[in-house]
Amino acid sequence: MASRIGTHTIALTREVFLHEGAGIAGKTEKEGPLGIFFDIAFDNDRLGQETWEKAESSLQTVAVRTLLGKVSLQPEDIQVIFAGDLLNQCISSTFGLRELQIPLMGQYGACSTMAQALAVGAVFVDSGAAERAVAVTSSHFCSAERQFRMPLEYGGQRTPTAQRTVTGAGAALLDKSGQGPVIRHLTIGTITDLVIKDANHMGAAMAPAAADTLLHFLSDTHSTVPDYDLILTGDLGSVGSSIFRELLAEQGVTVGQVHQDCGCLIYDREKQDVYAGGSGCGCSASVFCSYILQRMKRQELHSVLFMATGALMSPTSSQQGESIPGIAHLVHLQQPDRLS
């Protein structure tokens, strides 16, 4: 059974395998440096749907069906699915997954939702409440712009600190048996607030949460940065990543080349007009469930800290002048042959 260590971290005592993943991407993401790693990448972000919101729901449907197809399972073989997105009442998840008839627990942690869904799913499998669980999240550039900023037709200018919401989704299968890396630890983040109020500066809003969660994990597990092959943040982008490194350096922690960010990996900022990089629930999910898991399968990575970051804002809170709090949840994955 899972047990708590330190102040923020949960250690899983049973092997919970991240057996398989599926990463789905849109047109701009397909054209980025990770395009070849996605299981499916669409040439048109409309996905044949009449609205952007329906297109995002389709991303989740495709992600889960692709995942199940890769492991030759049917929806009835999954005991529970943990799903979330950025839209009000998580409508991308509910409408995208309703046809599958899998017991659903909706999740919301803004862009940190994929790590949150993996964490909750891992505890379910570890406890015996489920033999198999799926974690899935999505985002869509056009639906997010409509909800959080301005409709695309407005044509407003973006600042250099802004990030492009990724059109994509990622789904992962958690299993009490099987192959793949094992989830060893989970660190649940606390809300931090740098009092950022600019929705085009979310990397800065989320960076303190990422630093706080990582420091808690290292302290709770009595480990250091060199113990890990990769520390992967969710979607800090270039600006947030720099702040993240600075905040850690102030505490005497240097992440160096061990740290990478999904928001920086998914796009080519020199060739694509994406400002400070990618963001959104589908950013970390699509990168982690495709590119990163594939590298772990090839034994290129043995011990990985996946730390998705979220900006806990809504259109209402922004209109009322509130700041943008941040949160980050961490999942530690390790190859079975490295377990101690």
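The values are calculated or read from the model by the stated rules, or taken from the named source; none is laboratory data. These numbers come from a predicted model, not from an experiment. Here the Cβ is made from the backbone with ideal geometry for all residues, glycine too, and neighbour counts use every protein chain on show.
Any residue in the stretch 271-288 that is in contact with a Phe, Trp or Tyr (Cβ under 6 Å, 6 or more places away or on another chain) and either among the β-branched types (Val, Ile, Thr) or free of Cβ contacts under 8 Å to residues at least 12 places away in the same chain (or both)?
Looking through the stretch 271-288, at least one residue is in contact with a Phe, Trp or Tyr (Cβ under 6 Å, 6 or more places away or on another chain) and either among the β-branched types (Val, Ile, Thr) or free of Cβ contacts under 8 Å to residues at least 12 places away in the same chain (or both).
Having 3 or more residues that are assigned by TED's automatic domain parsing to the domain that holds Ala204 and more than 30 Å from Leu67 (Cα to Cα) is the bar; report the helices (runs of 4 or more DSSP H) wholly within the stretch 218-320 that clear it.
Working: elements: 237-250, 262-265, 281-287, 293-297, 315-319.
Answer list for the stretch 218-320: 237-250, 315-319.
In the stretch 218-227, is there at least one residue being under 24 Å from Ser279 (Cα atoms), over 15 Å from the mean Cα position of the chain (by Cα), modelled with pLDDT of 95 or more and not acidic (Asp, Glu)?
Looking through the stretch 218-227, none of the residues is under 24 Å from Ser279 (Cα atoms), over 15 Å from the mean Cα position of the chain (by Cα), modelled with pLDDT of 95 or more and not acidic (Asp, Glu).
For the stretch 8-35, enumerate the residues that are touching a Leu at 6+ places or on another chain (Cβ under 9 Å) and of a type in the set (Asp, Glu).
Correct list: Glu15, Glu20.
Exactly one of these conditions fails for Met105: (1) within 18 Å of the chain's Cα centre (by Cα); (2) buried (at least 20 other Cβ atoms within 10 Å of the Cβ); (3) over 28 Å from Asn44 (Cα atoms). Give me its number.
If we test Met105 against (1) within 18 Å of the chain's Cα centre (by Cα); (2) buried (at least 20 other Cβ atoms within 10 Å of the Cβ); (3) over 28 Å from Asn44 (Cα atoms), just (2) comes out false.
Checking the structure you have, find out if any residue of the stretch 241-255 is buried (at least 24 other Cβ atoms within 10 Å of the Cβ) and among the hydroxyl-bearing types (Ser, Thr, Tyr). Break it down into steps so the answer makes sense when it comes.
From the stretch 241-255, those buried (at least 24 other Cβ atoms within 10 Å of the Cβ) are 244; that's our starting set.
Retained after the next criterion (residues that are among the hydroxyl-bearing types (Ser, Thr, Tyr)): none.
Scanning the stretch 241-255, I find no residue that is buried (at least 24 other Cβ atoms within 10 Å of the Cβ) and among the hydroxyl-bearing types (Ser, Thr, Tyr), so the answer is no.
Of everything in the stretch 8-27, what is more than 18 Å from Val287 (Cα to Cα) and modelled with pLDDT of 95 or more? Give them in sequence order.
First, the residues of the stretch 8-27 that are more than 18 Å from Val287 (Cα to Cα): 8-17.
Residues satisfying the conditions are His8, Thr9, Ile10, Ala11, Leu12, Val16, Phe17.
One line per residue, one yes/no per condition, for (1) at pLDDT below 95; (2) over 16 Å from Phe306 (Cβ atoms):
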site	(1), (2)
Leu87	yes, yes
Glu99	no, yes
Ala122	no, no
Glu131	no, yes
Gln147	yes, yes
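Does Val287 fit the bill of being of a type in the set (A, V, I, L, M) and surrounded by fewer than 18 Cβ atoms within 10 Å (Cβ to Cβ)?
Numbers: of a type in the set (A, V, I, L, M): yes; surrounded by fewer than 18 Cβ atoms within 10 Å (Cβ to Cβ): no.
Considered against the rule, which asks whether it is of a type in the set (A, V, I, L, M) and surrounded by fewer than 18 Cβ atoms within 10 Å (Cβ to Cβ), Val287 comes out as no.
Restrict the check to the stretch 45-56 and report whether at least one residue is buried (at least 17 other Cβ atoms within 10 Å of the Cβ) and among the polar types (S, T, N, Q).
No, the conditions are met nowhere in the stretch 45-56.
Quick one: is Ile91 under 16 Å from Gly280 (Cα atoms), among the hydrophobic types (A, V, I, L, M, F, W, C) and in contact with a helix residue (DSSP H, G or I) (Cβ under 7 Å, 6 or more places away or on another chain)? Break it down stepwise before answering.
Values: under 16 Å from Gly280 (Cα atoms): yes; among the hydrophobic types (A, V, I, L, M, F, W, C): yes; in contact with a helix residue (DSSP H, G or I) (Cβ under 7 Å, 6 or more places away or on another chain): yes.
Here the answer is yes, as Ile91 does meet what is asked.
Out of (1) under 15 Å from the mean Cα position of the chain (by Cα); (2) closer than 30 Å to Asp273 by Cβ; (3) part of a loop (DSSP other than H, G, I, E, B), the odd one out for Gly189 is which?
(2)
With (1) closer than 22 Å to Ala169 by Cα; (2) more than 19 Å from the chain's Cα centre (by Cα) as the list, and His302 as the residue in question, which single condition is left unmet?
With (1) closer than 22 Å to Ala169 by Cα; (2) more than 19 Å from the chain's Cα centre (by Cα) applied to His302, the lone miss is (1).
crowded, with 21+ Cβ neighbours inside 10 Å and modelled with pLDDT of 95 or more: is that true of Thr213 in this structure?
Working: crowded, with 21+ Cβ neighbours inside 10 Å: yes; modelled with pLDDT of 95 or more: yes.
In short, yes.
Take residues that are acidic (Asp, Glu) and tell me which of the helices (runs of 4 or more DSSP H) falling wholly in the stretch 1-115 contain 1 or more. Steps first, answer last, please.
Details: elements: 27-30, 52-70, 91-97.
It comes to 27-30, 52-70.
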